[in-house]
Amino acid sequence: MSVNRPLRVVLCWHMHQPQYMDPVSETYQLPWTYLHAIKDYVDMAAHLAAVPEARAVVNFAPVLLEQLADYAAQIRRHLADGSPIQDPLLAALDNPTPPAGDDERLALVRDCVRANRQHLIERFPAFHRLARMVDWLEEEPAAMMYMDDQFIADILTWYHLAWMGETVRREDPRVRGLQEKAAGFTIEDRRHLLSIIAELLEGLPERYQGLANQGRIELSMNPYAHPIGPLLQDFASARESLPETPLPESGHYPSGEERLRWHIERGRAVFQNYFGFSPRGCWPAEGAVSEPTLRLFSEYGFDWAATGEGVLGQSLGEAYQRYGPDVGASLCHPYRLGEEGTACFFRDDELSDLIGFQYSSWHAEDAVGDLISRLEAIRESTADHPDPVVPIILDGENAWEHYPENGHPFLKGLYSQLAAHPDIELTTFSGALDNGVAVNSLPSLVAGSWVYGTLSTWIGDKDKNRGWDILVAAKEAYDRAIAEGLSGPDLEAATQQLAICEGSDWFWWFGDYNPAEVVRDFERLYRLHLSRLYRLIGIDPPEYLAHTFAHGSGHPTHGGVMQPGQEAE
């Protein structure tokens with residue numbers, strides 16, 4: 001059948017990192033916020049800027065925006081007057097005196113090889129040589145006493161060079177000069193690199209705001225600290241998709257809807273502060289939705305939200321046709337609960353997961369060609385549909401280290417070929433709605449997320465449920481403190497701390513199927529955040545917060561930082 005209209009495609013990239021700052025020492029415990037910023041957030045903006053006809057949605061978690069601004073401010077103060085940088089790894093880059101103790105030095109160099117081995121280490125011969133020395137030191141830690149300060153300086157420099165965005169590496173002569181030097185880096189070299197990092201961090205909000213003001217991207221938000229909305233509102237929502245899901249002993253999260261409202265309102269305020277306008281769309285944390293969650297988004301005036309394909313499949317049941325002839329049961333249209341309110345788009349799991357998990361091992365040209373051929377087939381199969389839209393939604397930061405050159409050849413080809421294709425139109429979710437895309441009515445919605453169409457990534461496992469139970473206990477203590485007179489700045493600080501504890505990432509990592517090192521990092525930080533909350537409300541933390549409750553021993557794909565939309569059969 002002949003098709004006379006283009007297929008609309010929405011590329012939606014989600015940028016998110018949780019609050020990594022130790023609330024007691026006020027130091028960042030993990031460096032992923034600034035490292036992903038200089039590698040992935042910079043590159044993604046540059047790729048979009050390079051193709052004027054390209055369009056995309058870029059989602060920022062508000063808690064991430066605050067951390068990016070804090071890092072930029074800390075570095076600038078440090079460069080101006082020597083003020084300390086509250087991130088041990090970044091501070092070490094500009095420290096003329098490395099740690100003296102062998103254990104501290106070994107821990108530092110070990111941190112400098114926490115990166116994709118193939119694409120961020122082995123790609124650079126000088127860095128690879130240093131990393132092999134760290135491998136040897138792991139087997140012979142006593143030999144650390146023979147490793148001099150220059151070894152520390154060089155591996156710190158190379159670690160940060162390896163995490164530079166590919167567009168920066170290709171276009172900034174200062175970065176190329178450091179790479180060509182390869183060894184013997186001085187404190188001046190390292191300070192120079194630190195100033196480049198500051199420039200990149202400072203420029204991010206303006207770069208994305210500029211693209212949005214030009215109409216080339218749509219910016220959207222999550223609720224503030226990335227909470228799983230349906231679970232805040234009702235733990236039992238997890239049983240809508242998996243009826244046998246074990247629930248936390250607590251039964252429910254106290255005043256959960258009130259807390260979700262707080263996250264929406266605070267998130268919108270932070271977003272507006274950084275970008276100068278309110279977003280029209282809200283990507284729920286982890287694409288987690290339920291009927292009450294969508295109704296709340298409607299109440300706050302969001303034009304659109306989005307979630308995983310599995311949610312639509314479970315909601316429509318046997319009627320679901322993916323890209324079949326029934327317009328009312330197709331993936332290529334958004335849906336509303338009833339006739340009005342927030343329109344919900346549903347992610348094409350197959351295409352999104354090909355980018356997230358499969359194309360990284362393909363030649364870039366073949367991968368782009370394969371994606372386009374699949375889109376052309378969808379265009380033909382939806383010939384009878386009025387203005388179909390294909391949403392491709394995925395993590396905008398964690399996939400690219402698994403691609404050669406941070407995905408540069410793939411992303412360059414993706415944007416340029418999609419933008420030039422005569423039968424494909426790149427757009428945004430708001431753009432699709434503004435241009436009259438048909439919005440179907442959904443009689444009911446089964447609560448779920450973009451991972452497997454369920455909420456099982458955040459609840460049901462014994463460690464995840466334990467995490468919820470100790471959060472509920474902290475929330476109940478917070479509520480009692482308010483009843484007893486907690487107010488003013490003390491209440492504001494405690495409420496902010498509670499929000500951090502309500503983020504999704506803690507529950508994502510609890511579970512023995514995740515890597516031991518990562519579970520240890522996140523579980524420890526979660527307990528620190530909860531302990532800080534107790535202290536802010538004037539209560540000694542419970543003894544159990546001094547003890548580990550979650551352990552990992554698994555080896556998931558991509559280290560567990562990403563999950564596919566559909567569970568492997």
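The values are calculated or read from the model by the stated rules, or taken from the named source; none is laboratory data. This one's a predicted model, so the numbers in the text were calculated from it and none came from an experiment. When we count neighbours, we look across all protein chains shown, and the Cβ atoms used for this are built from the backbone with ideal geometry, even at glycine. What goes into the accessible areas is simple: the full protein's heavy atoms, side chains included, and nothing from ligands, DNA or RNA. Shrake-Rupley method; radii C 1.70, N 1.55, O 1.52, S 1.80 Å.
Structure notes:
- Positions within the range 509-521 being open to solvent by 20 Å² or more (accessible area, probe 1.4 Å), part of a helix (DSSP H, G or I) and not basic (K, R), in sequence order: A516, E517, V518, D521
- Screening the candidates A54, A91, A73 for the property of being surrounded by fewer than 22 Cβ atoms within 10 Å (Cβ to Cβ) and closer than 19 Å to M164 by Cα yields one hit, A91.
- Y224 satisfies every condition listed in (1) assigned to a helix (DSSP H, G or I); (2) open to solvent by less than 10 Å² (accessible area, probe 1.4 Å); (3) not acidic (D, E) except (1).
- Taken together, Q214, Q209 contain a single residue that is exposed (fewer than 15 other Cβ atoms within 10 Å of the Cβ), of a type outside the set (V, I, T) and under 30 Å from F297 (Cβ atoms), which is Q214.
- Test: residue in the range 357-370 that is open to solvent by less than 30 Å² (accessible area, probe 1.4 Å) and touching a residue at least 60 places away in the same chain (Cβ under 8 Å): no
- One residue from G453, G436, G460, G485 being in contact (Cβ under 8 Å) with a residue 40 or more places away in the chain, surrounded by fewer than 16 Cβ atoms within 10 Å (Cβ to Cβ) and of a type outside the set (A, V, I, L, M, F, W, C): G436
- Residue match in the range 197-220 (condition: modelled with pLDDT of 95 or more and in contact with a His (Cβ under 6 Å, 6 or more places away or on another chain)): no
- Checking the stated criteria, C344 turns out to be assigned to a strand (DSSP E or B) and buried (at least 22 other Cβ atoms within 10 Å of the Cβ).
- Filtered by the rule that a residue be open to solvent by 40 Å² or more (accessible area, probe 1.4 Å), in a loop (DSSP other than H, G, I, E, B) and over 23 Å from G281 (Cα atoms), the range 295-329 gives Y320, Q321, P325, D326.
- Single condition A419 does not satisfy, out of (1) crowded, with 23+ Cβ neighbours inside 10 Å; (2) within 30 Å of F302 (Cβ to Cβ): (1)
- Comparison of D172, D189 shows that the only residue that is surrounded by 15 or more Cβ atoms within 10 Å (Cβ to Cβ), modelled with pLDDT of 95 or more and more than 25 Å from A399 (Cα to Cα) is D189.
- One residue stands out among those in the range 367-424 that are among the polar types (S, T, N, Q) and outside any loop (DSSP other than H, G, I, E, B): the one that is farthest from Q17 (Cα to Cα), which is S381.
- Listed by position, the helices (runs of 4 or more DSSP H) enclosed by the range 46-116 that each have at least 3 residues that are more than 27 Å from W136 (Cβ to Cβ) and in contact (Cβ under 8 Å) with a residue 24 or more places away in the chain are 62-81.
- Within the range 215-267, the set of residues being touching a strand residue (DSSP E or B) at 6+ places or on another chain (Cβ under 6 Å) and on the phi > 0 side of the Ramachandran plot comprises just one member, H226.
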